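Everything below concerns the one structure shown next.
The values are calculated or read from the model by the stated rules, or taken from the named source; none is laboratory data. Just so you know, these numbers come straight off a predicted model, no measurement behind them. To get the accessible areas, we keep the full protein, side chains included, count just its heavy atoms, and leave off ligands, DNA and RNA. Shrake-Rupley method; radii C 1.70, N 1.55, O 1.52, S 1.80 Å.
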Amino acid sequence: MFQIREKDEKTKARTGVLSTAHGEIETPVFLPVATKGTVKTLDFSDLEGLGVQGLIVNAFHLWIKGLDSVQNTGGLHSFMRWDRPIFTDSGGFQIIRKDFDFKITEEGFVLKSPVDGKKITYSPEVCMDVHSALGSDVTFVLDDCPPYRSSMERLRGSVDRTTDWARRCKAMRRGGQEVYAIAQGGTDSELRRRSAVELSEIEFDGYGVGGLSIGEPRDEMISSLEVSVSSLPEKKPKHMMGVGSPAEVLESISNGMDIFDSAFPTRNARHGTFYTGKGKFDIKKSGFAKVKEPLGPGCECFVCRNYSTSYVHHLFKEKEMLAYRLLSIHNLKMVLDLFAGVRMSIKENKFSTFAEEYLSEFTT
Ligand SMILES: [Zn+2]
């Protein structure tokens, strides 16, 4: 269930409260990505210490290797030792990652099992069974997410299939689990509108906007997002799939998006990129070797309270495993602080000023 609390007067930004079986989430919210049941390098006490409100796990990635271990421990919450809300993504996005060799049929995704080489099908029905076995709070329907620059024929097929699959998923909705659809349509405004309208008519608990931030120019991303959001029910929660960079987050929130997930802060951390209010930096640069100050001015994360930039630089140069954990903690804190600032600014009706000031300082 979702309740809108405050609305910004100049934009479509809003705050809200999402109630789930494992507690409430204040929106706009950022969900760290725990693709295979872990936010890489972090444990649950790290995440709780950071004030993480919820996580998103990939149902497909867990299914492909077998769900026995998760089911034996009574579901994802006890398996991961995480008692706050868990979202499970369907895995439709995997087809553009090319990690797996998929064939798309009307039945679902057909692929070869990495476990025994047998042909297996990941259908909307299998996807919903997986969500149920995992026991997550919010689930996403299986969608067909075409890559950027797909042909119109491919985009039309994706919208038709996504609507058909969403209907099949809705038919399998279980109590205690919310089901969110995912609007597609590439960067074609008419298809964007049609996908959102068709999914709205089926009525879901919430709506994801998918297939954006996958290589398209920024103006096309924004115009596509605007069409999707304006064609979806205003009162339902809206989830921006896979978007985490500050500029895109703030743009999306001003268009009415409520929930975000992205591997952006943790993946970048593992590559040595860290963030401050001023932008992004490479910890491996030799200039950081003698910096006694913490990574982020004013940052109150565990890392900035305890370590110098020089120490983190040293760990990275030595490829020490602690380096990845420390930068992941810091980067997540930066993103979570951004969202806390956004929520506060909407409550005070100052969102536009907050966004402008943030972006004028933050250079990418
Ligand atoms: Zn920090």
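Considering only protein heavy atoms, what per residue accessible area in square angstrom results for the chain with a 1.4 angstrom probe?
Working: 15970 Å² over 364 residues.
Each residue of the chain exposes 44 Å² on average to a 1.4 Å probe.
Partners of LYS103 within straight-line reach, counting lysines whose Cα lies under 21 Å from its Cα and excluding those fewer than 8 residues away in the same chain: LYS65, LYS112, LYS118, LYS119.
Need one word for region 96-185: rounded, prolate or oblate. Basis is the Cα gyration tensor (sqrt eigenvalues a ≥ b ≥ c); a/c below 1.5 gives rounded, then a/b vs b/c decides. Oblate.
Add -39500 (n - 2.57) for each DSSP H run of 4 or more in the chain, then divide by its residues: what number comes out at 222 nm, to the nearest 500 deg cm²/dmol?
Working: 15 runs with 152 residues, N = 364.
Value at 222 nm, helices only: -12500 deg cm²/dmol.
Calculated translational diffusion coefficient of region 250-348 (37 °C, 0.692 mPa s; Stokes-Einstein with Kirkwood radius over alpha-carbon pairs) equals 232 µm²/s. Structure shown: which of LYS40/LYS350; LYS40/LYS317; LYS40/LYS235; LYS278/LYS317 lie over 27 Å apart, alpha-carbon to alpha-carbon? Too far apart for the 27 Å limit: LYS40/LYS350; LYS40/LYS235. With the whole protein complex present, TYR311 retains an accessible surface near 80 Å², based on a 1.4 Å probe. HIS314 sits with roughly 90 Å² accessible to a 1.4 Å probe, with DNA, RNA and ligands left out of the calculation. Percent of C-alpha pairs per 10 Å bin in region 2-262, short distances first: 7, 32, 38, 19, 3, 0. Classify region 159-222 from the C-alpha gyration tensor, please: rounded if a/c falls under 1.5, else prolate or oblate depending on whether a/b exceeds b/c. Prolate, since a/c reaches 1.5 and a/b exceeds b/c. Summary value for the chain: 17 percent relative contact order, contacts being C-alpha pairs under 8 angstrom separated by 6+ residues.
Amide H to amide H distances under 5 Å link ILE182 with VAL141, GLY208, where only residues 5 or more positions off or on other chains count and H is placed in the peptide plane.
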